[in-house]
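Here the structure is laid out as structure tokens; the discussion comes afterwards.
Please treat every number below as a calculation from the coordinates, not as lab data. Bear in mind the structure is a predicted one, so any value in this text is a computation, not a measurement. Neighbour counts are summed over all protein chains in view; Cβ atoms, including those assigned to glycine, are modelled from backbone coordinates with ideal geometry.
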Amino acid sequence: MQRHTQAIWNDDDSEGYEPLLSERNLETVEVDDTDLPDHLTRDSLKLPELSEPELARHYTRLSQMNYGIDSGPYPLGSCTMKYNPKFTEDIASLPSAAVHPDRDEASVQGTLQIYHELQDYLARIGGMDAVTLQPPAGAAGEFAGILIAQAYHEDNGEGEQRSEVIVPTSAHGTNFASAALAGYDVVELPEDDDGRVDLEALSAAAGDSTAALMLTNPNTLGLFERNIEEIATIVHDAGGLMYYDGANLNALLGRARPGDMGFDIMHYNVHKTFATPHGGGGPGAGPVGVSEQLESFLPNPQVRERDGEYELFEPERSIGKVHGAMGNWLVLLKAHAYISRLGGDGLRDASAKAVLNANYLASQIDLKIPFEPFHHEFVASAGDRDAADFAKRMLDYGVHPPTTKWPENVPEALMTEPTEAESKTSLDQLAEAFGAVAADEPSALEDAPKATSAKRIDQTSAAREPQLSWHQLESR
Amino acid sequence: MNGNTTLTTRETTDEKQTGTPFAPQTDEDVAAMLEAIGVSDVDELFDIPDAVRFDESFDIDAGSEQTVVRELTETLERNDAPIEFLGRGHYAHHVPSLVDHISLRSEFITSYTQYQPEITQGFLQVLFEYQSLLVELTGLEIANCSMYDAATALGEAATLADRVRETTGDRILVPDYIRAERRDVLENYVAGADLVVEELPADDGVTTPEILEEAIDDDVVMTYLESPTTDGVLEEHLEEIGEIVSAHDGMFCLGTDPVALALLRSPADVGVDVVVGDASVLGMGPSYGMGLGLFACREAYLRQVPGRLVGASRDDDGNRAFTLTLQTREQHIRRERATSNICTNQAWVALRAAIHAASLGPSGLVSLAKRCHRLAEQTASRLEEIEGVSAPVRDRHHFREFRARVDDANAVATAIEANGFAIHVVDEETVQICVSDRNEHRIDELVDAFTEVVN
């Protein structure tokens with residue numbers, strides 16, 4: 001089996017793997033010789049002092065103990081870890097893209113043009129009437145979207161009354177947290193036995209206090225909500241708005257659009273659907289699209305075009321701001337480059353291949369997949385194995401494992417999303433890893449991983465006695 | 001679309017491509033995969049009701065790599081390229097080449113959040129080193145591995161203050177010099193908790209204990225100040241202010257940045273409970289406001305901290321190893337009771353900031369910070385010598401930037417711009433100028449331009 005092997009930089013004399021910078025050389029520098037009063041300045045600063053060659057080697061070693069998309073398959077369900085085209089980095093590195101946020105509009109016409117074009121591209125892709133690019137991540141997009149719903153209801157004199165947001169049990173955790181941050185009570189909506197929204201439960205939950213329903217489609221099981229029209233009717237009849245969580249948009253590009261399904265608000269995860277690198281946790285970007293009736297509530301500012309010139313403006317009833325500037329500009333620029341590279345047909349093809357890959361991989365795996373027909377991702381059950389152990393053992397076979405133990409309507413869930421970027425060979429390798437782990441002795445799973453740069457890490461003591469800096473490591 | 005989808009051309013022409021170039025399946029692969037699945041066409045795999053199917057085109061053209069690079073480069077060339085003397089909360093310094101070369105290593109940039117720590121030790125260790133850097137600079141025990149930017153970090157600090165406070169209260173105090181954008185973001189973050197934001201007036205750019213005493217009572221959940229302020233002024237009474245805030249059981253939050261902190265007294269020393277700010281002053285050039293939310297706080301708030309934390313632990317071999325920890329605070333586990341809704345953060349920017357800080361080392365950081373202070377004061381003095389210019393407007397200590405008074409700020413800024421420089425217009429009679437290692441070599445010309453323009 002072809003497998004990714006990580007470097008292990010383990011020095012017998014050192015405490016761990018690659019030493020911390022602080023363990024190499026900490027120096028204390030006196031802070032004197034300033035004309036500032038003493039009570040304003042510090043006495044000294046103690047930080048690592050190392051030469052560039054030493055640092056280059058330190059970080060290179062650390063990179064060799066890290067797994068990225070270019071290392072091997074990365075089928076994390078709901079995360080859409082697709083290949084990140086390199087040319088987008090070159091564009092984001094152009095000196096002409098490096099502008100200060102307070103630059104006069106007239107002097108950043110190129111940047112504003114790119115914002116305007118991307119607003120337009122995303123509106124077409126989502127079937128929305130207007131798009132803001134300001135939210136710096138998906139969760140920030142959810143928050144912005146819910147604030148827009150709130151502002152809309154307030155504008156209708158129903159702000160107080162509509163105090164609830166309905167969220168399906170299997171939704172992303174951010175949906176619940178974003179609604180709560182905006183001050184809403186979250187009403188949890190159970191799924192029916194088919195893994196989809198339970199229409200009766202929705203009818204019972206939706207009413208005069210409903211502000212919005214937040215829904216992912218396909219949902220986290222990869223299933224398309226077939227009753228989406230009825231769902232939208234129930235929510236709209238109750239006076240609520242439909243919010244689309246764009247985490248799974250990679251399943252639908254060019255085949256269905258949230259705007260056509262009755263959604264009023266949606267966010268896009270550009271680090272998922274539009275291939276911008278996730279950067280080990282971020283930065284992402286979470287643009288938000290809205291239907292025409294909500295356009296005037298969008299965050300401040302928006303970009304518009306007049307006779308080939310671009311300008312900023314504040315929407316009439318704007319919710320204000322969700323980011324200190326214009327969001328994650330360099331990420332948005334990469335998303336624009338990706339969309340421009342693929343075009344409409346390429347995006348549609350990306351979805352086709354993503355769904356093909358998920359279905360092919362599933363066909364090659366001998367684990368129960370309780371819910372079908374899935375699209376870009378499927379949720380397999382590890383059965384009598386612990387899904388977290390199953391994942392750790394997959395690491396030994398040189399691949400990144402799926403998302404585990406979620407959603408909870410599949411026991412010991414392995415939520416798997418290979419994306420369009422995996423070749424058939426690579427999918428076969430993944431299937432082989434699934435199969436090998438399923439056939440392994442239970443002890444092999446419990447002891448895993450063995451072939452990684454670090455072995456199984458003790459999470460319990462990490463949380464019980466947190467050591468969050470080299471200062472705490474030294475003192476404890 | 002089925003087995004006849006062809007791989008795109010990888011030529012450097014504009015020849016029409018028919019699919020994504022970033023999916024490796026050949027036509028033969030597709031046919032074999034469809035057969036294994038048991039369908040004849042990819043369309044059969046989509047369970048979408050006809051009523052909501054989209055049968056049209058997005059009408060977005062595809063382009064070869066060369067075409068897209070050329071077109072976007074041309075579009076970006078519509079941006080003017082003045083020497084920026086701009087700051088007001090968004091700063092940049094020279095970023096060492098090492099930062100780009102290391103951070104663009106694909107093991108780093110193409111990785112996801114470290115949910116499998118055994119194969120992501122490298123990134124985790126860098127984030128641990130980033131947290132440690134902030135602990136050293138702030139004097140506070142806990143630093144998370146990033147929020148989005150200074151504004152959202154401030155919003156998170158306010159919701160933290162509301163959660164940890166034992167007595168009820170509903171007011172947040174912020175200085176009148178705060179950027180409007182930051183205040184707007186803060187208002188959105190606290191609206192759900194029914195908190196109101198009120199402004200504290202400053203005395204010639206600085207907050208005095210008297211001003212705070214006037215405004216504060218036990219209703220104040222959090223008091224926020226900045227140093228350096230948006231005007232480039234260093235606050236002078238933080239210790240007394242910390243005592244007043246503490247006497248009213250409030251949280252004291254300070255906005256600052258890691259370069260300024262290399263020079264300034266540690267926030268923990270003057271009674272600050274939470275430090276926020278934009279840490280992308282290290283690691284990023286000007287990025288149209290794409291930031292790195294710095295968030296550090298006292299250990300007492302550990303279980304209530306928003307965002308991800310990296311901790312040290314042991315692995316099965318007994319070696320030290322790193323992992324995301326205290327995840328029960330986070331949205332994927334705690335859902336609506338999470339300490340924040342944040343998931344994706346700015347980790348890669350944090351990695352860049354950590355590499356930048358390590359490249360400078362303590363001596364480089366301190367010397368950069370001293371330079372930011374010295375350049376601001378020196379440049380202000382030089383402008384003061386020009387007839388018709390008064391600088392700095394505030395009779396205070398400055399860091400990186402200062403305000404200057406002129407007769408007609410817009411006219412001056414426009415004329416300065418014609419000389420190839422960008423400066424801030426604050427109001428009709430005030431401009432603001434930010435100096436640093438990035439534009440230091442052009443300060444003489446800026447002063448000349450001022451002389452010419454004002455006369």
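Please say if region B:221-365 is rounded, prolate or oblate, where rounded means a/c under 1.5 for a ≥ b ≥ c the square roots of the C-alpha gyration tensor eigenvalues, and otherwise the choice is prolate for a/b larger than b/c and oblate otherwise? Before the final figure, lay out the partial values.
Values: a/c = 1.69, a/b = 1.22, b/c = 1.38.
Oblate shape, in that a/c is at least 1.5 and b/c is the bigger or equal ratio.
Positive-end ranking of A:LEU45, A:ALA56, A:TYR83 along the dipole of region A:22-98, with charges on Cβ about the Cα centre, is headed by A:TYR83.
Expressed as a whole percent, how much of the Cα-Cα distance distribution for region A:87-342 exceeds 32 Å?
Details: 6365 of 32640 pairs.
The proportion of pairs with Cα distances above 32 Å equals 20 percent.
Within a straight-line Cα-Cα reach of under 20 Å, A:LYS86 can be paired with the following lysines, leaving aside sequence neighbours fewer than 8 residues apart in one chain: A:LYS272, A:LYS334.
Quick one: if you take sqrt(5λ) for each eigenvalue of the C-alpha gyration tensor of region A:375-476, what semi-axes come out, biggest first, whole angstrom? Show your work: numbers first, answer last.
Details: eigenvalues 164, 48, 47 Å².
Semi-axes from the Cα gyration tensor: 29, 16, 15 Å.
Of the DSSP H helices in chain B, those that are both long (alpha-carbon extent of 24 Å or more along the helix axis) and hydrophobic (Kyte-Doolittle mean at least 0.5) are B:121-138. Distance from the C-alpha centroid of region A:386-414 to that of region A:147-198: 29 Å, rounded to the whole angstrom. Based on the convex hull around the alpha carbon atoms, region A:1-140 presents an average projected area of 16.8 nm². Mean residue ellipticity at 222 nm, helices only, chain B: -11000 deg cm²/dmol; runs of at least 4 DSSP H residues each add -39,500 (n - 2.57), and the sum is divided by the number of residues.
Please work out the ratio of the alpha-carbon Rg of region A:100-245 to 2.2 N^0.38 Å and round it to two decimals. Intermediate results must be reported in sequence, preceding the final value.
Working: Rg = 17.1 Å, N = 146, 2.2 N^0.38 = 14.6 Å.
Compactness ratio reported: 1.17.
Calculated mean residue ellipticity at 222 nm for chain A: -10500 deg cm²/dmol, from DSSP H runs with n ≥ 4 weighted as -39500 (n - 2.57), summed, divided by the residue count and rounded to 500.
In whole percents, the pair-distance distribution calculated for region B:78-149 from its alpha-carbon pairs, binned every 5 Å from zero, is 3, 11, 14, 19, 21, 15, 9, 5, 3, 0.
Evaluating kT/(6 pi eta Rh) at 4 °C and 1.567 mPa s, with the Kirkwood radius of chain A over Cα pairs in the Stokes-Einstein relation, gives 53 µm² s⁻¹.
What order do you get for A:VAL288, B:VAL412, A:VAL187 when you list them from fewest to most C-beta neighbours inside 10 Å?
Numbers: A:VAL288 34, B:VAL412 22, A:VAL187 19.
The most exposed by this proxy come first: A:VAL187, B:VAL412, A:VAL288.
Classification of region A:383-436 by its C-alpha gyration tensor yields an oblate form. The axis ratio a/c (a ≥ b ≥ c) is 1.5 or more, and b/c is at least a/b. Taking θ as phi - 60° and the Karplus parameters 6.51, -1.76 and 1.60, the scalar couplings of region A:259-265 work out to x, 7, 8, x, 7, 9, 9 Hz in sequence order, x denoting glycine and proline.
Under 25 Å Cα to Cα from B:LYS370, which lysines show up? Leave out anything in the same chain fewer than 8 places away. Cα-Cα hits under 25 Å: A:LYS46. Take each residue in B:35-48, count the other chain C-beta atoms within 10 Å of its C-beta, and the mean is 6.
For the protein assembly as shown, report the convex hull volume of the alpha-carbon atoms normalised per residue, in Å³, without decimals. Display every interim value, and only then the final one.
Working: hull volume 142.9 nm³, N = 931.
Spelled out: Cα convex hull of the protein assembly as shown, divided by residues, is 153 Å³.
When the Cα positions of A:ASN248, A:ALA358, A:HIS267 are compared along the charge dipole of chain A, A:ALA358 comes out farthest toward the positive end, with charges on each C-beta of Lys, Arg, Asp and Glu.
With a 10 Å Cβ neighbour count serving as the proxy for reagent exposure, in which order, fewest first, do A:LYS455, A:LYS353, A:LYS321, A:LYS86 appear?
Details: A:LYS455 20, A:LYS353 29, A:LYS321 24, A:LYS86 13.
In order of increasing Cβ crowding within 10 Å: A:LYS86, A:LYS455, A:LYS321, A:LYS353.
Based only on other Cβ atoms within 10 Å, what is the fewest-to-most ordering of A:CYS79, B:CYS434? Write out the running numbers ahead of the final one.
Values: A:CYS79 24, B:CYS434 29.
The fewest-first ordering by Cβ neighbours comes to A:CYS79, B:CYS434.
Between region B:123-138 and region B:421-440, what's the alpha-carbon centroid distance in Å? That distance is 32 Å. Peptide A:442-453 has a mean of 2 when you count, residue by residue, the C-beta atoms of other protein chains within 10 Å of its C-beta. Shown is the FRET efficiency for B:ALA32 and B:ASP316, computed with R0 = 41 Å from the Cβ-Cβ distance and rounded to the nearest 0.05: 0.50.
Charges only on Cβ, +1 for Lys and Arg, -1 for Asp and Glu: so what's the dipole of region B:97-355 about the Cα centre, in debye to the nearest 20? Write out the running numbers ahead of the final one.
Details: 18 positive and 44 negative charges, 327 e Å.
Around 1580 debye, computed over region B:97-355.
With only Cα atoms counted, chain B has Rg and Dmax values of 26.0, 84 Å. Taking GluC sites (Glu not before Pro) across region A:140-189, the ones in a DSSP loop with at most 13 further Cβ atoms lying within 10 angstrom of their Cβ are A:GLU160.
Can you give the % of DSSP beta bridges in the protein assembly as shown that are antiparallel, to the nearest 5?
For the protein assembly as shown, the DSSP antiparallel bridge percentage is about 60.
Can you quote the Å³ per residue value for the convex hull of the Cα atoms in region B:97-355, rounded to an integer? Working shown, then result.
Numbers: hull volume 33.2 nm³, N = 259.
Hull volume over Cα atoms, normalised by residue count, gives 128 Å³.
Of all lysines in the structure, the ones whose alpha carbon falls short of 16 Å from that of A:LYS392, not counting any fewer than 8 places away in one chain, are A:LYS405, A:LYS450, A:LYS455.
Shielding by partners for B:136-146, please: the mean number of other protein chain Cβ atoms within 10 Å of each residue's Cβ.
On the way: counts 9, 3, 0, 2, 1, 5, 4, 2, 1, 4, 3.
Neighbouring Cβ atoms belonging to other protein chains average 3 per residue here.
Loop-only check: which GluC sites (Glu not before Pro) in region B:69-100 are DSSP coil with at most 16 other Cβ within 10 angstrom?
Numbers: sites: B:GLU71, B:GLU74, B:GLU77, B:GLU84; in loops: B:GLU77.
For GluC sites (Glu not before Pro) across region B:69-100 that sit outside H, G, I, E and B with at most 16 neighbouring Cβ atoms in 10 Å, the list reads B:GLU77.
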